[in-house]
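The values are calculated or read from the model by the stated rules, or taken from the named source; none is laboratory data. Fair warning: this is a prediction, and the values are worked out from it, not measured in the lab. Cβ placement follows ideal geometry from the backbone for every residue including glycine, while neighbour counts extend to all protein chains displayed. Heads up: the accessible areas ignore ligands, DNA and RNA and are worked out on the full protein's heavy atoms, side chains in. Shrake-Rupley method; radii C 1.70, N 1.55, O 1.52, S 1.80 Å.
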Amino acid sequence: MPPMNRRDALRLLGLSTLGVTALSACAPDATGGGAARSSGDAAAKTFGFTSWSLNEEAQKAAVQAIVDAYASAGKVTINTASFPYNEYLNQVTLKIRGGQLSGAVQLDVAWLAAMASLGKLRDLSPQATQGGYTEVALSSGQYGGKQLGLPWTTGSIGLIANTEILQKAGVSELPATTEEFEAALTKVAKLGDGIVPYAAATKAAQLKDILPWMKTFGSPLLDGDQITVGDDASVAAVEWYKQLYDAKLIAPDVDRFDARALFAQGKAAFYDDAIIARGVVAGQSPDKSLTEKMKPLPRPVLDAGGTPQALLWGHVIVVVEGEGAEAAADFAKFATSDTATVAGFFEKVKLPPTTTAGLADPKVAGDAFTAEWTEKITKTATPNPFWRYAGYGQIETAIAEQVQAVLVGQASAKDALAKAAETAKGLQK
Amino acid sequence: MTVTATRSRTTTLARPVRARRRPDVVRSRAAAWVAVGLIGLFGLAPIYWLVVTALTPDETAFSFPPSLIPTEVTLEHFVNLTKNEQLFGYLINSVIVSVITAVLSVIVSAYMANAFSKFLYRGRTSLMHLVLASQMFPQALLLITLYAVFSATGLLGSYAALVLSFTTFTLPLCVWMLKGIFDTVPSSLMEAAAIDGASRWRTLHQVALPLAAPGLVAAGLFAFVRAWNDFIFALTLADPERQTLPPGLVHTYLGEFQTAWPDLMAASFVVSLPVIAAFMFLQRYLVGGLTAGAVKG
């Protein structure tokens with residue numbers, strides 16, 4: 001073929017230009033949807049609110065009601081946006097870095113350090129001092145000596161028991177020590193019928209649940225910046241876990257979803273979950289009275305009188321600096337501390353409030369399960385110490401993978417945890 | 001009579017041969033059927049599980065141990081779909097961006113492939129490899145780069161951002177696929193058209209492209225499916241109201257604590273139907289298009 005001449009080249013160029021022009025026509029205008037674009041509103045009456053709950057069936061109506069109530073009362077415009085929970089952190093990080101997102105943002109308490117590292121979160125100390133939040137709740141929004149998040153809901157991941165199964169097994173009292181816990185599990189195991197005594201996490205994806213057990217056995221996990229995973233206490237915890245595994249008191253290949261399914265079907269006596277578990281399990285269970293049989297219990301301690309360990313869990317609202325940040329901070333305070341609002345929110349979604357007044361509201365205090373959980377489990381719950389590192393997820397994965405290696409008999413607890421600690425050290429940044 | 005005799009002779013002759021081969025034939029046929037069965041089971045099991053879960057009531061969907069055959073059946077989850085207007089919006093978005101991506105990919109890659117196949121110029125082979133090399137970049141890297149580019153150009157959140165980003169990963173393979181097809185179009189035909197006075201433009205559009213039609217369909221279908229199934233680009237680059245079905249389904253059914261598996265399965269089944277229909281409708285072109293250019297000469 002002869003080479004292309006100038007006319008042909010121009011034709012191809014023209015065609016390409018036409019294509020690009022056609023595509024550009026599909027571009028949004030300056031006010032296109034999405035979260036919290038700068039609208040040029042100098043009065044800052046427009047801001048964004050980004051929340052995964054805005055798109056979750058169980059919560060979206062309740063969250064939207066809070067947004068609408070504040071918007072109409074304060075005569076502001078709130079642009080809402082939502083991303084799926086599992087993709088949320090990546091999406092929000094990318095959009096904040098790209099300058100595409102500002103205003104109020106819902107966060108899981110575990111993500112606060114990662115967000116703080118972007119350097120764009122507003123210090124909400126002035127709002128926090130006025131909100132009447134509980135100490136444990138406030139701690140969930142603190143990072144680097146600043147109050148970067150206002151606590152929206154504060155709970156914990158703790159143990160839940162099925163009292164009906166325990167009664168059948170002859171366990172009349174909830175176990176308070178690890179020894180009593182083992183005895184109860186052994187009795188439940190004798191029931192047979194495919195019942196897993198303790199639907200503990202044994203899949204690597206969820207084996208971070210071993211961390212509160214390590215603390216129960218006396219490991220601080222992190223001492224200053226020194227990772228203590230691999231110390232005698234954490235090794236003892238993993239060896240104990242392995243012993244439960246070998247005795248079939250916990251089952252292989254279980255993650256949180258499997259554990260919930262087992263518990264919902266009446267096939268597990270104990271499992272770990274957040275306080276919201278009650279509603280989730282009820283939705284999956286053919287037993288309509290299961291919630292009445294559910295009982296929260298503090299994690300058993302090594303010796304009677306010890307402090308039960310639980311992982312703090314919850315949501316905070318942070319404010320990303322930018323246009324409307326002042327109004328967004330006020331909205332965050334309203335959503336998290338206005339007593340009528342938080343009590344109404346609890347009534348709809350059963351997420352416990354974070355203020356003393358909210359917890360004392362009859363709608364909340366009258367709920368026995370929540371009150372018991374808050375008093376017995378959340379009261380002594382502590383944040384995961386690795387959350388202070390942006391790479392906390394990788395640290396947890398490193399530990400989880402090694403614990404799984406122990407469970408399946410590929411390594412000893414001592415060697416595996418030493419390896420985990422070595423890997424984790426490289427991720428402390 | 002002659003016919004009968006011939007038949008009879010043929011039958012007589014054939015019998016010993018068949019008899020000699022039967023054990024081998026039976027064995028190989030049995031092995032083939034077993035292989036087909038296993039592959040079919042492997043391929044269809046997820047679809048079976050998807051349909052069964054979609055038809056199972058919420059209360060029994062999580063029964064333990066799980067049951068292969070549902071004890072109760074409900075159409076509730078399919079009915080729920082019809083009530084969800086948001087999902088319909090995601091579907092429309094998917095159709096829009098997938099069709100435009102397919103068309104754009106085919107148009108651009110057809111010209112590029114023709115240029116790679118029929119024009120001789122310095123650096124042609126390097127350029128072709130460069131096009132393919134772009135396929136090797138990790139998607140996350142492409143995503144962040146595209147995000148920055150679209151953000152700077154104001155395209156972020158638009159259909160255009162989705163179409164252009166999808167085209168970045170459909171184009172290289174489409175070009176290579178079509179290059180093989182244009183190689184099979186005899187240059188003599190195009191030269192004959194040129195001798196008859198046709199311009200290069202006319203030769204391309206009236207001679208080469210019609211001959212490459214099966215390949216164009218195959219490339220288009222490939223691009224359509226890639227665009228239809230993409231999750232992460234659609235989630236990141238589009239505004240909520242322009243998002244496509246994969247992020248839409250995740251948005252709608254997957255939550256922090258709960259996954260509405262039966263509803264998700266029902267929706268997944270329904271939204272895969274257009275792709276299945278497209279494959280069935282275009283199957284004859286697809287097979288021709290994929291194999292064209294496989295053997296030269």
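Annotations for the structure displayed:
- Residue match in the stretch B:199-216 (condition: open to solvent by 30 Å² or more (accessible area, probe 1.4 Å), within 9 Å of chain A (Cβ to nearest Cβ) and under 26 Å from residue B:133 (Cα atoms)): no
- Pairs with Cβ under 9 Å, 6+ apart, first in the stretch A:72-89 and more than 7 Å from chain B (Cβ to nearest Cβ) and in contact (Cβ under 8 Å) with a residue 60 or more places away in the chain, second in a helix (DSSP H, G or I) and open to solvent by less than 10 Å² (accessible area, probe 1.4 Å): A:74/A:331; A:76/A:331; A:78/A:67; A:78/A:328; A:78/A:331
- Screening the stretch B:251-274 for residues that are part of a helix (DSSP H, G or I) and touching a Phe, Trp or Tyr at 6+ places or on another chain (Cβ under 6 Å) and picking the one that is least open to solvent (accessible area, probe 1.4 Å) gives B:266.
- Filter pass, residue B:21 being out of contact with any helix residue (DSSP H, G or I) (no Cβ under 9 Å at 6 or more places or on another chain), more than 25 Å from residue B:272 (Cα to Cα), open to solvent by 60 Å² or more (accessible area, probe 1.4 Å) and modelled with pLDDT of 85 or more: no
- All positions within the stretch B:42-81 that are in a loop (DSSP other than H, G, I, E, B), open to solvent by 70 Å² or more (accessible area, probe 1.4 Å) and not aromatic (Phe, Trp, Tyr): B:65, B:66, B:68, B:69, B:71, B:72, B:73, B:75
- Of all the listed residues (A:136, A:92), the sole one being of a type in the set (Val, Ile, Thr) and open to solvent by less than 20 Å² (accessible area, probe 1.4 Å) is A:92.
- Of the residues making up the stretch A:400-416, those that are under 25 Å from the mean Cα position of the chain (by Cα) and more than 15 Å from residue A:386 (Cα to Cα) number 4.
- Counting only helices (runs of 4 or more DSSP H) that fall entirely inside the stretch A:244-354 and contain at least 3 residues that are away from chain B (no Cβ under 11 Å) and open to solvent by 40 Å² or more (accessible area, probe 1.4 Å), the qualifying elements are A:325-337, A:339-349.
- Some residue of the stretch B:66-73 being of a type in the set (Ser, Thr, Tyr) and within 22 Å of residue A:287 (Cα to Cα): yes
- The condition of being under 30 Å from residue A:228 (Cα atoms) and either crowded, with 20+ Cβ neighbours inside 10 Å or in contact (Cβ under 8 Å) with a residue 40 or more places away in the chain (or both) holds for residue A:381.
- Identification of helices (runs of 4 or more DSSP H) wholly contained in the stretch A:104-168 with 2 or more residues that are at pLDDT 95 or above and within 29 Å of residue A:91 (Cβ to Cβ) yields A:125-131.
- Checking each residue in the stretch A:384-421 for being closer than 25 Å to residue A:243 by Cβ, open to solvent by 60 Å² or more (accessible area, probe 1.4 Å) and of a type outside the set (Lys, Arg) picks out A:397, A:401, A:408, A:410, A:415.
- Hey, residue A:203 open to solvent by 50 Å² or more (accessible area, probe 1.4 Å), in contact (Cβ under 8 Å) with a residue 40 or more places away in the chain and among the basic types (Lys, Arg) or not: yes
- Looking across the stretch B:229-239, the residues that are hydrophobic (A, V, I, L, M, F, W, C), open to solvent by less than 10 Å² (accessible area, probe 1.4 Å) and either in a helix (DSSP H, G or I) or away from chain A (no Cβ under 14 Å) (or both) come down to B:233, B:234, B:235, B:237.
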